[in-house]
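Asks: If you scroll down you'll find the structure; I have some questions about it.
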Amino acid sequence: MVPAWTRRLIYIENILYYGNALTGKTTKLIAHYRDLTEKGLKTDSILVLVQDGREITRWREHLLKALPIAGSLQVFSYWGFVQSEVARHWNWAEKELYGSLASVRPSFITAEIAHFLITIMVNDHRMKGKMNTVATPEQMAIQILNNMNLAATFGMKLDEAFLRVQSVETDPARRIVIGEALAVARGFRKTCVESRSFDYSMAVEIFNTILLRDSRYREMLSKRFKVLIADNLEEGVPSQTDLVELMLQSCRSFAVFDPDGGHTDFFGADPDYAWDKLHSLYKIERCLLNPNTILADTVASNIKNGLTLETCSVEKPLIKLIDMDYRSELILSLAEHIEKLNSQGCSLDEIAIIAPVIDRVLEVSLKTLLKSKHIQVQLLNRREYLADKEFAQVMVVLVSLIEKSPLAVSELAQAFKIILGLDPVRSNLLAKFSNSKGLEAALPADLIGRIGFAANNRYREFCDWIIAKRNLSADASIFQQLFGEVMAGLVREEGDLSASRQLIQSAVSFEKSQGKIDLLKGMSFVEGFANMIRQGTIAAEAGKIQGAENNGVVLATPLAIFKSSRSFKYQFWVDGSSESWTPRRAREINNYHLMSKGWNGRWDDSMDIVKKAEGAAKTVSGLILRCTGEIVLLVSEYNSMGQEQEGDLPDIIRGSVGQV
């Protein structure tokens, strides 16, 4: 007898929900998931593809709470699915790869380790007089990694991504640098294949060029999944779009497409390719318009044109502008506005402070000002790194002291401040002494007199404890031990726990990679891992926004807002006249526009200007669509560095709503 859910699927079409942000599209997908499971379809027959780890968590939490689960949840990002499938069918994939190493399972290196390895290779090239650019080795490594990822996800050979950028470069010196960057990329790829340790780009290439071309794998995939649910198709890379197209040959699908999306295009999202490839395979159901659509479209059109050609009249969101000479004055005014909203009963998690770039001046100033008003600030910035996390830095210092690895005075001072509970002056005095004399040396009388007897006793106990630990094994387990014995008692907030957890996980990943990759074998575990953290290559966990809890005012970049899947009643746009709202889209060796399937072989300054305007229009309209009350644009003539700001965003927005 044919199962009831199968009979029902035969008569329904693939459905694509088409609409702006906040129109209930994802809710409809979850409803379909619930409907399918209630009719008997096991969850391990339903593949759900979402944007990233945050969305995976959101989906899993909802499904585990709300649904009768029968089978494992198959909720993945595209990268997670690729990694899982390459590992699952490794016996089919490995025989197609060169190199003599045969392994039972592949290893997958994190983006942080890949970045660190390529940085080492770039430094080696620079020591030979090559790759001389204004970009730092770490910046060049990121661009090389980005090119490799784009090549894999756009379905092209590794060399082609670099050769496309080189073909439009008019500066002979930079053309040479691009060629040298390609040599680094080839060397890194060779290292990955020979060690069977794969980064994102290599795993995607294996999946697309080996597994998907294997008839056995395609048949297995068609039998394994009966339904595909795809959230935010517009944010998918082209290779994900190709996977969806393939799977629709043998399974039903429910999906979402936001015509105003594509905010992750820098990472390879190609909404035009996704729409052209897939829309004819679905029945299109248009969602209700977001109430801010007219305003968003008007502003976007005017930004693309570079002047106000269209106007519209709207009641919400109300547009206000605060214009002052100096940014410091604006930040004070912003804090007063938020305090007033709070006193009027506005929930703090309905307020977002948004800036194209969140610098330390803005972050520290806002946190200090609002803390004095008993208002928390929740930083939602996807570019935080463990190198910026004080708690993680101290754990690295402890391990380095145990291993007698070199440390800077500033690193020691920070550790003494936290562990010994000292003020910055006494911490710095101890750091200078211990850095020059070592932990074994007793403090001289004059220094004891300056820091106090109690501080001396704590310092001596700390030094003796470190010395006693110098017989510990120098591997990833040392971080776990130190956290349990010392750092757990110093935790002050959830962010400290998060940083410690991420540090321990990263240490384990680094240790596994070090055992397989020759480039890492020549350095000690502690030295190599500490250097990776100091270079800022390890990303901290992304901050979370809880929908129902009042966790404070959100401080975020536009991209972080888009990825949070939330709206806000009040949005304050800082640095409204900054040109950072329209950043340059191409870099030294990186230009994702050239990777498009429809690229015509041309690129010049006029095209760069057009793409910058299109990017700004997408960003600004996306924020407007996520506001339910009021947008306040904060404009200052000078930025935090005293430089004049001349962006035309304020004039365009005022003109769009007839305020000129």
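The values are calculated or read from the model by the stated rules, or taken from the named source; none is laboratory data. Here the structure is a predicted model, which is why all the values come from computation and not from measurement. Counting neighbours? That spans all protein chains shown, and the Cβs are built from the backbone with ideal geometry, glycine included. These accessible areas exclude ligands, DNA and RNA; they are computed on the full protein's heavy atoms, side chains included. Shrake-Rupley method; radii C 1.70, N 1.55, O 1.52, S 1.80 Å.
Asks: Students often get this wrong, so try it: which of (1) 32.4, 108; (2) 26.9, 91; (3) 30.9, 110 is Rg and Dmax of the Cα atoms in Å as calculated from the structure shown?
Replies: So the structure-derived entry is (2).
Asks: A further question on this structure: Heavy atoms only, 1.4 Å probe, whole protein assembly: order Asp608, Asp276 by accessible area, highest first.
Replies: Largest to smallest exposure gives the sequence Asp276, Asp608.
Asks: Estimate the FRET efficiency between Ser596 and Glu329 by the formula 1/(1 + (r/R0)^6), using the beta-carbon distance for r and 41 Å for R0, to the nearest 0.05.
Replies: Efficiency for this residue pair is about 0.40.
Asks: Any chance you could run the full-extension gain for Gln344 through Gln249? It's 0.36 nm times the residue separation minus the Cα-Cα distance, nm to one decimal.
Replies: My answer for the length gained is 28.6 nm.
Asks: Can you tally the net charge around Gln166? Count Lys and Arg as +1, Asp and Glu as -1, for every other residue whose Cβ sits under 12 Å from the Cβ of Gln166.
Replies: Within the 12 Å Cβ shell, the charges total -3.
Asks: When the solvent-accessible surface of protein heavy atoms is calculated with a 1.4 angstrom probe, in what order do Ile176, Ile303 fall, highest first?
Replies: Ile176, Ile303
Asks: Then there's this: Once the whole set of protein chains is in place, how much accessible area is left on Arg252, using a 1.4 Å probe, in Å² to the nearest 10?
Replies: Approximately 80 Å² of Arg252 is accessible to the 1.4 Å probe.
Asks: Quote the accessible area belonging to Asp464 in square angstrom, nearest 10, computed with a 1.4 Å probe and with ligands, DNA and RNA left uncounted.
Replies: About 80 Å², rounded to the nearest 10.
Asks: What figure, in Å² to the nearest 10, do you get for the accessible area of Glu644 with a 1.4 Å probe and non-protein molecules left out?
Replies: 110
Asks: Contour minus end-to-end for Asn305 and Ala183, with contour as 0.36 nm per residue of separation and end-to-end as the Cα-Cα distance?
Replies: 39.9 nm
Asks: Let me ask another. Please report the net charge: other residues with Cβ closer than 13 Å to the Cβ of Ala474, K and R +1, D and E -1.
Replies: Summing Lys and Arg as +1 and Asp and Glu as -1 gives -1.
Asks: Sorted by accessible area with a 1.4 angstrom probe, largest first, how do Leu429, Leu332, Leu64, Leu447 fall?
Replies: Largest accessible area first, the residues go Leu64, Leu332, Leu429, Leu447.
Asks: Is there a quick way to get the dipole size of the chain? I mean about its Cα centre, with the Cβ of Lys and Arg at +1 and of Asp and Glu at -1; what is the value in debye to the nearest 20?
Replies: Using only the charged Cβ atoms, the result is roughly 1880 debye.
Asks: For Asp518 and Ile467, FRET efficiency with R0 = 30 Å and r from the beta-carbon atoms, rounded to 0.05?
Replies: For R0 = 30 Å, the calculated efficiency reads 0.35.
Asks: Could you tell me the calculated FRET efficiency between Asp475 and Arg501, based on Cβ-Cβ distance and R0 = 22 angstrom, to the nearest 0.05?
Replies: After rounding to 0.05, the efficiency reads 0.80.
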